[in-house]
Amino acid sequence: MAKNQKTKELKRILIVGNGGRENSIAWALSKNQSIDQIYVCPGNGGSANFAKCIRLKPKSEDQKTIINDCKRLNINLVIIGPEVPLAEGLADKMREAGLTVFGPGKDGAQLEASKEWSKALMIENNIPTARYWAAESKEEALEILKRFNQPLVIKADGLAAGKGVTVCDTIEESKEAIKDIFSGKFGSAGNKVILEEKIEGPEVSIFALCDGEKLIVLPPAQDHKRLLEGDHGPNTGGMGAYAPALLINEKDLEDLTKLVLIPTVQGLKKKRIKYIGIIYAGLMLTSSGPKVIEFNCRFGDPECQALMPLMGDEFASVLFACARGELESSPKLTFRSECSVCVVAASKGYPESPQKGEKVNISVESNPSLQVFHAGTTIDEFDNIVTSGGRVLSIVAQGESFDKAFDLVYSNLKKINFDGMHFRRDIGYQVRDKY
Ligand code: AMP
Ligand code: GLY
């Protein structure tokens, strides 16, 4: 076993990922005085913006190279941000190599990587969710659709970068979505399809840190998945978020913990899965009670960016304890009682074909309640920040009210520009008096 596994001192962290989520986690951890160094791998143009943070571009992105880098750098804690490396079993390989890792293994990551697996776990453990049917061929799926004779939500079973779900208003649309999936649009993620009853209601995301046994529930957050104002246009990874979401109060969160989160951990344990990482439940609050739309095996992005500024100073120690399976003896995680909001600035063409390589100018005010988190940016050979993806960066702010926090975000968005930049002006309309 590597010596890293035994040390209880958290000095050197490596965060895997290149998005706004990883940038915001690095920022939150960088405030901890006792941490010496934080690497973000492969990171982005903002990875080195915070104290002690360094962007680490690995020679290659294969698992062995990253593991060797972690050992060479004597990393005490690895945090794996995105779902793809989790679903590929990076956490397992790292643990086998003696590293301490926050993030589930390949088995637990099926919570997100297979919608069928995840739905079955919900049904087995009486976790409320929409009714569903799974099909392995186009014919079988069309047959199910014919039998129900109503528009169904069509989902590719596997990971499809947030694009595998079609919410259909007509049977014809459901047919088209089934054909699309089986035409190979999503590669092997579309070998199976899930047909789901369409449910209605506001959506909210809940998150818990899990050490395999114990849970710490974080404040709920609300995402804005649609590209355009008024919740129109195509689904995206998320155009903005705010926390805490007022749709559910403390008592509701306690109830949801009992209804959804605890049965999930128990269901995983029944399958002999020691799930270490984030359990993210996307919920719909329907007229017949809350239902789980999906589970994810990592922090939501941009929700994470709104949540990180709310984490108390114990956050780093709690993540470390969680990764070691020792939440029982970790300090209590506290949350700042502020309103935190995040608005994403996206590239022209996002989500279909984002324009890249545009120079980004940032001249926001210096304010401890304001953060700029980078996502699709990189640094070019002339040291300019340039766009390299669809969601380029986010402005995040905190305030005693949501209105104050959003005022700070929107006034500072005027101080950022790149060619083709666009953002939603109505993020948080649910909790704002004015917009
Ligand atoms: P997912 O990728 O599973 O989160 O789905 C993306 C979005 O599709 C969700 O945020 C919902 O807005 C919508 N959605 C997913 N499943 C359903 C469902 N059964 N009924 C209605 N809308 C759904
Ligand atoms: N914001 C939604 C997600 O991260 O899946």
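The values are calculated or read from the model by the stated rules, or taken from the named source; none is laboratory data. None of the values given here were measured: they were computed from a predicted structure. Virtual Cβ from ideal backbone geometry, glycine too; neighbours counted across all protein chains shown. To get the accessible areas, we keep the full protein, side chains included, count just its heavy atoms, and leave off ligands, DNA and RNA. Shrake-Rupley method; radii C 1.70, N 1.55, O 1.52, S 1.80 Å.
Of note:
- The residue of segment 92-141 that is most open to solvent (accessible area, probe 1.4 Å), among those that are within 27 Å of LEU10 (Cβ to Cβ) and without any contact (Cβ under 8 Å) to a residue 12 or more places away in the chain, is GLU96.
- Of the strands (runs of 3 or more DSSP E) that lie entirely inside segment 209-271, those containing 2 or more residues that are away from ligand 2 (no atom under 15 Å from the Cβ) and under 18 Å from the mean Cα position of the chain (by Cα) span 215-217.
- So LEU413, is it under 19 Å from GLN305 (Cα atoms) and open to solvent by less than 10 Å² (accessible area, probe 1.4 Å): yes
- Test: residue in segment 252-271 that is within 16 Å of ligand 1 (Cβ to nearest atom), among the basic types (Lys, Arg) and either out of contact with any strand residue (DSSP E or B) (no Cβ under 8 Å at 6 or more places or on another chain) or open to solvent by 20 Å² or more (accessible area, probe 1.4 Å) (or both): no
- All of SER366, SER340 fail the test of being assigned to a loop (DSSP other than H, G, I, E, B), more than 16 Å from ligand 1 (Cβ to nearest atom), of a type in the set (Ser, Thr, Tyr) and more than 30 Å from GLU116 (Cα to Cα), apart from SER366.
- Scanning segment 370-388 for residues that are without any contact (Cβ under 8 Å) to a residue 60 or more places away in the chain and not charged (D, E, K, R), we see that the one that is surrounded by the fewest Cβ atoms within 10 Å (Cβ to Cβ) is PHE382.
- Checking each residue in segment 276-318 for being in contact with a Pro (Cβ under 9 Å, 6 or more places away or on another chain), farther than 24 Å from GLY201 by Cα and part of a strand (DSSP E or B) picks out ILE276, GLY277, ILE278.
- Subset of segment 239-250 that is at pLDDT below 95 and of a type outside the set (A, V, I, L, M) - its residue that is farthest from GLY289 (Cα to Cα): GLU250
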